[in-house]
Amino acid sequence: VKREGAGQVALVGVPNAGKSQLLAALTNAEPEVADYPFTTQRPQAGMVAFENVQIQMVDLPPLTEEHTEPWAFNIMRNADALVLILDLSQDPLAELETIIKVLGEQRITLQGEGGGEIEPGTFPKRSLVIGNKGDLAGTKENFAILKELYGERFSMIMVSAKEGLNLEKLREKLYTLLDVLRVYPKRPGHEPDLSAPVILKRGSTVLDLAQEIHKDFVSKLRYARIWGSGKFDGQRVQRDYPLQDGDIIELHI
Ligand SMILES: Nc1nc2c(ncn2[C@@H]2O[C@H](COP(=O)(O)OP(=O)(O)OP(=O)(O)O)[C@@H](O)[C@H]2O)c(=O)[nH]1
Ligand SMILES: [Mg+2]
């Protein structure tokens with residue numbers, strides 16, 4: 001699946017958890033949604049809008065202990081982050097444990113939003129847990145149990161893909177999950193284009209931005225001016241200055 005937008009997240013879950021329904025609810029994609037298992041057989045992507053960014057979401061066939069399409073693991077390994085979707089009207093704890101086990105066998109290790117230690121030879125993936133079908137009876141209680149047991153390890157949110165419950169909050173969480181920041185380059189004497197952020201990994205510096213814009217900038221960069229996280233507007237900063245989400249940067253070469 002060709003990467004697009006600010007980052008790519010892959011949907012992971014057992015049959016019927018609501019992966020395809022969620023893709024349909026958040027994007028323009030029109031995947032098949034049905035109340036029988038193994039409906040999805042091919043990957044399908046859509047773009048989730050959050051403020052001025054687009055996040056690519058990839059729907060996958062289901063994961064089970066008995067059978068998971070091997071190519072689906074490749075998409076998961078390549079994705080920037082994983083979205084684990086659980087059916088709160090069933091046994092979400094068992095579903096999450098199945099996911100952790102099956103992915104572990106593929107050396108895909110799940111991390112919360114804080115990241116974590118990276119074991120050599122593994123594919124660490126930041127993961128968000130979604131409790132789905134929150135419109136159904138008894139699901140609040142199941143979500144509470146899930147939170148109690150896994151709430152420290154993973155960021156979690158309860159939604160209803162079908163009824164559209166809590167989806168705005170989910171868009172924001174997907175952006176947070178990507179662990180990126182938005183900055184707006186501007187030329188001296190010009191206004192920045194606030195509709196077209198440059199997306200960088202969290203922790204990036206002025207130099208990383210320069211590299212992203214033009215490789216010649218790296219050697220020529222003298223300093224930058226910053227509006228946003230600086231102490232004052234237009235503050236002069238050096239190339240190792242750590243950028244924050246929303247900063248406007250003027251590069252001086
Ligand atoms: N009540 C309720 N039903 C939902 C919700 N989300 C999905 N469903 C239903 O659950 C069934 C399965 O949904 P799908 O989106 O096809 O599930 P899936 O995870 O893509 O399933 P596979 O493709 O087999 O892996 C369908 O009948 C959906 O209408 C929800 O939030 N609430
Ligand atoms: Mg599906």
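The values are calculated or read from the model by the stated rules, or taken from the named source; none is laboratory data. Fair warning: this is a prediction, and the values are worked out from it, not measured in the lab. Cβ sites come from the backbone with ideal geometry, for glycine too, and all protein chains shown count toward neighbours. All accessible areas refer to the heavy atoms of the entire protein, side chains included, with ligands and DNA or RNA removed. Shrake-Rupley method; radii C 1.70, N 1.55, O 1.52, S 1.80 Å.
Here are the numbers for the structure shown:
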item: Segment 180-252 - charge dipole about Cα centre, Lys and Arg +1 at Cβ, Asp and Glu -1, debye rounded to 20; result: 220
item: Total charge dipole magnitude, segment 1-102, about the Cα centre, Cβ charges on Lys, Arg, Asp, Glu only, Debye to nearest 20; result: 400
item: Geometric extent, Cα atoms of the chain - Rg, Dmax (angstrom); result: 20.2, 62
item: Between 0 and 90°, nearest 10: helix 139-150 axis offset from the chain longest Cα axis; result: 60
item: Farthest toward positive dipole pole in the chain [+1 Lys/Arg, -1 Asp/Glu at C-beta], among Ala24, His214, Leu96; result: His214
item: Alpha-carbon centroid distance for the pair segment 164-199 / segment 11-41, whole angstrom; result: 27
item: GNM result for the chain, Cα springs below 10 Å: residue of Leu207, Leu136, Leu96 fluctuating most strongly; result: Leu136
item: Computed [θ] at 222 nm, deg cm²/dmol, the chain (DSSP H ≥ 4; -39,500 (n - 2.57); rounded to nearest 500); result: -8000 deg cm²/dmol
item: Selection from Gly121, Leu194, Gln8 lying farthest towards where the dipole of the chain points positive, charges on Cβ; result: Leu194
item: Whole-number D in µm² s⁻¹ for segment 180-252, Kirkwood Cα-pair radius fed into Stokes-Einstein, 25 °C, 0.890 mPa s; result: 207
item: For segment 180-252, accessible area per residue (1.4 Å probe, heavy atoms of protein chains only), Å²; result: 58
item: Test item: Cα-centred dipole of the chain, Lys/Arg +1 and Asp/Glu -1 on Cβ, debye; result: 1100
item: Segment 29-78: chymotrypsin sites (Phe, Trp or Tyr not before Pro) in DSSP coil with no more than 14 other Cβ atoms inside 10 Å; result: Phe38
item: Furthest towards positive pole of dipole, Phe38, Ile130, Thr176, structure part the chain, Cβ charges; result: Thr176
item: Carbon/sulfur fraction of accessible area - the chain, other protein chains in place, 1.4 Å, %; result: 47
item: Percent of beta bridges antiparallel (DSSP, the chain, rounded to nearest 5); result: 50
item: Estimated vicinal HN-Hα couplings, Hz - segment 208-213 in sequence order (Karplus 6.51, -1.76, 1.60; Gly, Pro = x); result: 4, 5, 4, 4, 5, 6
item: Subset of Lys125/Lys173; Lys101/Lys169; Lys173/Lys201; Lys140/Lys162; Lys19/Lys133 violating a 19 Å alpha-carbon distance limit; result: Lys101/Lys169
item: Average accessible surface area per residue within segment 8-178, 1.4 Å rolling probe, Å²; result: 46
item: Whole-angstrom gap from segment 97-138 to segment 215-241, using each part's C-alpha centre; result: 37
